[in-house]
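Down below is the structure, laid out as structure tokens.
Taken together, the values in this text are just the output of simple stated rules run on the coordinates, not laboratory data. None of the values given here were measured: they were computed from a predicted structure. Methodologically, a virtual Cβ is constructed for each residue, glycine included, from the backbone with ideal geometry; neighbour enumeration extends over all protein chains shown.
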Amino acid sequence: MKKEIIEKIKSYSTVIVHRHVRPDPDAYGSQGGLCDMIQASFPDKQVYAVGEEEPSLAYLRTLDTISDDTYKDALVIVCDTANAERICDERYKLGKELIKIDHHPNEDPYGDLLWVDTSASSVSEMIYDLFKSGESEGLKLTDAGARLLFAGIVGDTGRFLYPSTTMRTMEYAGELLQYSFDRSELFNKMYETEEKVLKLQGYILQNFKLQPSGAAAVILKKELLEEFQVAPSEASLLVSTLGSVKGIKSWVFYIEENDQIRVRLRSKGPIINGLAKKYGGGGHPLAAGASVHSWEEVSQVSEELSDICRQS
Ligand SMILES: [Mn+2]
């Protein structure tokens with residue numbers, strides 16, 4: 001599959017790379033790292049990374065603005081996006097061919113060519129793998145590309161903490177460190193937190209409710225987020241906060257956002273992506289999400305999460 005993807009890239013003069021909405025460092029890292037690799041290896045090609053800018057990730061890279069015409073006869077590659085509806089910038093449909101590169105379960109197999117590796121910690125790890133597979137034939141990666149891939153791996157593994165971290169992850173991360181970039185500066189940017197977000201974290205730690213089942217829930221209503229002046233997307237970054245609570249098995253954040261309530265599920269053992277799926281969402285076994293539209297559904301999700309914890 002890697003060979004096929006490299007051959008496809010070689011056969012196009014324009015390559016446009018997309019990623020998912022509400023991006024994280026792996027979305028930015030894999031997208032940007034892939035663009036870097038293609039541009040460095042094939043300087044004559046037109047290579048673009050598109051999507052809405054996420055200000056909190058601007059330290060990684062900026063995105064390109066292109067016209068619809070650019071898609072004519074272009075190869076489109078989508079990184080780190082399990083479902084077609086989560087692809088940022090709908091124009092991904094306008095290209096001549098579409099490639100999906102992802103590490104989430106392949107529940108929506110969109111695209112003409114698919115490379116899905118659920119054993120990969122991150123798509124950034126997969127892009128480095130792609131680079132390695134063609135390195136002997138001339139593929140290149142710059143220091144800036146290596147920095148992006150390293151950031152993506154660090155982001156998706158929670159600094160090598162999550163079980164998705166494998167020997168291969170460590171090996172690749174180690175190899176990426178041979179490139180020249182400022183790792184301390186990168187870590188500082190990745191993990192700096194605004195004061196208002198830390199204050200909200202304080203609220204969460206004061207107010208979460210741990211059930212005897214080992215399930216815990218946090219409800220962040222619109223008014224509360226306004227009081228703390230924290231955007232729902234910023235509040236989502238605090239979901240891992242409860243992971244170190246003694247006795248906790250799984251937990252859920254309900255974050256009210258306009259006309260919907262985002263459900264963010266995390267677990268230290270019980271499988272919770274089935275629950276997310278039941279409510280129209282999805283994700284990994286230990287990290288998943290969905291959206292609901294009423295506080296009754298919120299109570300239902302909490303009850304079902306408690307059931308799952310009791311049964312495990
Ligand atoms: Mn990812």
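What is the helix-to-structure angle for 25-41, meaning the angle in degrees between its Cα long axis and the longest Cα principal axis of the chain, kept from 0 to 90 and rounded to the nearest 10? Result, in degrees: 0. Local charge for GLU234 was computed over the other residues whose Cβ lies under 10 Å away, with Lys and Arg +1 and Asp and Glu -1, and equals 0. For segment 128-256, relative contact order (Cα pairs under 8 Å, six or more residues apart, normalised by length) works out to 20 percent. Angle of helix 2-11 to the longest C-alpha principal axis of the chain, folded into 0 to 90 degrees and rounded to 10: 50°. The Cα atoms of segment 147-255 give a gyration tensor whose axes a ≥ b ≥ c have a/c of 1.5 or more with a/b no greater than b/c, which makes the shape oblate.
Measure up LYS132/LYS249; LYS100/LYS132; LYS199/LYS249; LYS2/LYS278 against 27 Å on the Cα-Cα distance and list the ones that go over. As for pairs spanning more than 27 Å Cα to Cα, those are LYS132/LYS249; LYS2/LYS278.
Compute the relative contact order of segment 21-100 as a whole-number percentage, counting only Cα pairs closer than 8 Å that sit 6 or more residues apart in sequence.
In percent, rounded to a whole number, it is 31.
The helix-based estimate of mean residue ellipticity at 222 nm for the chain, built from -39,500 (n - 2.57) per DSSP H run of four or more residues and divided by its residue count, is -11500 deg cm²/dmol to the nearest 500. Can you tell me the orientation of helix 295-311 relative to the chain, as the angle in degrees between its alpha-carbon axis and the longest Cα principal axis, to the nearest 10? In the chain, helix 295-311 runs at an angle near 90 degrees to the longest axis. Were the residues from LEU205 through GLU52 laid out at 0.36 nm apart, the gain over their Cα-Cα distance would be 51.9 nm.
By average Cβ neighbour count within 10 Å, what is the ranking of 241-253, 260-272 from highest down?
Ranked from most to least packed, the peptides come out as 260-272, 241-253.
Peptide packing: for 32-45, 79-92, 101-114, the average count of neighbouring Cβ atoms within 10 Å per residue gives the ranking 32-45, 79-92, 101-114, highest mean first.
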